[in-house]
1. Return the long-range amide H neighbours of Ala109 (sequence gap of 5 or more, or a different chain), with a cut-off of under 5 Å between placed amide H atoms.
2. A 27 angstrom limit on the alpha carbon distance is what I want to check against. Which of Lys90/Lys137; Lys31/Lys86; Lys75/Lys95; Lys31/Lys90; Lys75/Lys107 exceed it?
3. Using just the Cα positions, wrap region 44-100 in a convex hull and report its mean projected area in square nanometres, one decimal place.
4. Roughly how far apart, in whole Å, are the Cα centres of region 78-92 and region 20-72?
5. Ranked by Cβ crowding within 10 angstrom, fewest neighbours first, how are Leu61, Leu40, Leu85 ordered?
6. So which aspartates and glutamates can Lys67 reach, going by Cα to Cα under 19 Å and dropping same-chain residues fewer than 8 places off?
7. Cut-off is 10 Å between beta-carbons; in what order do Ile70, Ile77, Ile36, Ile150 appear when sorted fewest neighbours first?
Amino acid sequence: MKNLLNIILLISLYGCESKVNGIFYISNTSKDQTEIPLRLIIDNDTIFDQDAEYTNIAPDLQYIEHKKLIKGQHKVIFEVNNSDLKRIEKVEFDKDKWIFLSYGYEKPADSLGRVELDKIFGGIKDSTNLFLYDGQKPDLTFHVMENEPIHQ
């Protein structure tokens, strides 16, 4: 019986040490789509499923999700609900990790916006400014940090 208690104690201690934190910062960076339905799934567990609002605040800290994870590789799915836009990543959680997930979209400049851009850039459209004219297609970004970010 004493050996069984020792084994249970060792298993519980080992179990505590084998868990790490996944801290997920979720944001909508699109001022052209001020509300977007986002979902975050870790392995098969949905940990975020709601509309994310644009705030024009950086860093946007309104949607932060924490998940205790067993050390090892985990499948992270970040997607826009009811669309084909999806990002799937495999992340090795060997220690606590901070993951920044964001949705971005910017519509192309309208005719008045193009006139203003032409004034600014002298009518030259090149790789440094073309995105201002053409906008940004909807996309999902994914950034993993090994150390806790400092927010000032």
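We did not get these values from a lab; they are worked out from the coordinates using the rules stated. This structure is a prediction, so every number in the text was calculated from the model and none was measured. Reconstructed Cβ throughout: ideal geometry from the backbone, glycine too, with neighbour counts over all protein chains shown.
1. Asp134, Gly135
2. Check vs 27 Å cut-off fails for Lys31/Lys90; Lys75/Lys107.
3. 4.8
4. Here the two parts' Cα centres lie 12 Å apart.
5. Leu61, Leu85, Leu40
6. Excluding near neighbours in sequence, the set is Glu17, Asp43, Asp45, Asp49, Glu79, Glu89, Glu92, Asp94, Asp96, Glu146, Glu148.
7. Ile150, Ile70, Ile77, Ile36
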